[in-house]
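Enquirer: Let me give you the structure first, and then I'll get to my questions.
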Amino acid sequence: EEKGTTEAAIWNYKQALEFDPENKLALQRLGIVAVNQGDDKTAVEYLQQAFYQDPDAVDTLLPLGFALIRQRKPDLAISMLARAAALNQENPLVHRNLGVACSSVGWQDAAETQFRRALKLDETDSESAFNLAVTLAAQKPPKMAEASKWYKHAREHGAAADPQLDDYFGFKPEE
């Protein structure tokens, strides 16, 4: 897997499961590979089995939560990601994904809190800055000044260009 031969890695992980169907590492790695390939249904199947082997493994909870978000199962995603956040409060990716899950169920204050936690842990996280900007802009009333600040921060740290959002947030990219 480290050498980029994903198919060989999948074959080997499946062989490991032939000998030990409860092999947490093989289940976890197969789930992560499936997440990376966009196969969230398979990812959830493997990662749930890994979760049953060790419900406190953040390396299982994070990709499981991410796959559940993409499967539009935010309630389960929140459960997994909140557990991951409780176990590893210093992981900005956990907080960002928990923020996304909270936002998807309309919990904007909780989403804002999680995006801010992620940025406190990693101030260069363009995705958390972008999500925070969108969350702030969507509030009633919108907090446009702060939203624009975070959007600018996101763009300056690598967030993808979008001319419409650049205009909306008043971001002028430097030539």
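The values are calculated or read from the model by the stated rules, or taken from the named source; none is laboratory data. All of these numbers come straight from a predicted model, not from anything done at the bench. Backbone-built Cβ (ideal geometry, glycine too); neighbour counts: all protein chains shown. Side chains are part of the model used for accessible areas, which takes the heavy atoms of the whole protein and leaves out ligands, DNA and RNA. Shrake-Rupley method; radii C 1.70, N 1.55, O 1.52, S 1.80 Å.
Enquirer: Which residue pairs have Cβ atoms under 7 Å apart, sit 6 or more places apart or on different chains, and have a first residue in the range 121-134 that is within 13 Å of A160 (Cβ to Cβ) and a second that is of a type outside the set (G, A, S) and assigned to a loop (DSSP other than H, G, I, E, B)?
Expert: S126/H157; A129/H157
Enquirer: Of all residues in the range 22-44, count the ones that are of a type outside the set (G, A, S) and touching a Leu at 6+ places or on another chain (Cβ under 9 Å). Full working, then the answer.
Expert: To start, the set of residues in the range 22-44 that are of a type outside the set (G, A, S) comprises 22-25, 27-30, 32-33, 35-37, 39-42, 44.
Add one more test, that the residue is touching a Leu at 6+ places or on another chain (Cβ under 9 Å), and what stays is 23, 27-28, 30, 32, 35, 40, 42, 44.
Residues meeting the conditions: 9.
Let's see how each residue does on (1) open to solvent by 40 Å² or more (accessible area, probe 1.4 Å); (2) within 11 Å of the chain's Cα centre (by Cα); (3) farther than 19 Å from Q108 by Cα:
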site	(1), (2), (3)
Y52	yes, no, yes
A57	no, no, yes
T60	no, no, yes
G65	no, yes, no
R70	yes, yes, no
K73	yes, no, no
L81	no, yes, no
N88	yes, no, yes
L93	yes, yes, no
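Enquirer: Another question about this same structure. Go through the range 147-156 and report how many residues are open to solvent by 80 Å² or more (accessible area, probe 1.4 Å) and either farther than 21 Å from A111 by Cα or touching a Ser or Thr at 6+ places or on another chain (Cβ under 6 Å) (or both). Don't jump to the end; show me each part of the working.
Expert: Within the range 147-156, the subset open to solvent by 80 Å² or more (accessible area, probe 1.4 Å) is 149, 152, 156.
If we keep only those that are either farther than 21 Å from A111 by Cα or touching a Ser or Thr at 6+ places or on another chain (Cβ under 6 Å) (or both) as well, we get 156.
Counting residues in the range 147-156 that are open to solvent by 80 Å² or more (accessible area, probe 1.4 Å) and either farther than 21 Å from A111 by Cα or touching a Ser or Thr at 6+ places or on another chain (Cβ under 6 Å) (or both) gives 1.
Enquirer: What tally of residues in the range 17-50 results from selecting those that are closer than 27 Å to Q89 by Cβ, open to solvent by 20 Å² or more (accessible area, probe 1.4 Å) and among the aliphatic types (A, V, I, L, M)?
Expert: Going through the range 17-50 one residue at a time, the tally reaches 2.
Enquirer: Still on this structure, please answer the following. Please work out which residue is least open to solvent (accessible area, probe 1.4 Å), limiting yourself to the range 114-146 and to residues that are charged (D, E, K, R), within 19 Å of the chain's Cα centre (by Cα) and farther than 19 Å from G170 by Cα. Don't jump to the end; show me each part of the working.
Expert: Of all residues in the range 114-146, those charged (D, E, K, R) come to 116-117, 120, 122-123, 125, 127, 140, 143, 146.
Subset that is within 19 Å of the chain's Cα centre (by Cα): 116-117, 120, 122-123, 125, 127.
Now drop any that are not farther than 19 Å from G170 by Cα, which leaves 116-117, 120, 122-123, 125.
Numbers: R116: 83, R117: 116, K120: 183, D122: 53, E123: 130, D125: 12 Å².
Residue satisfying both the conditions and the ranking: D125.
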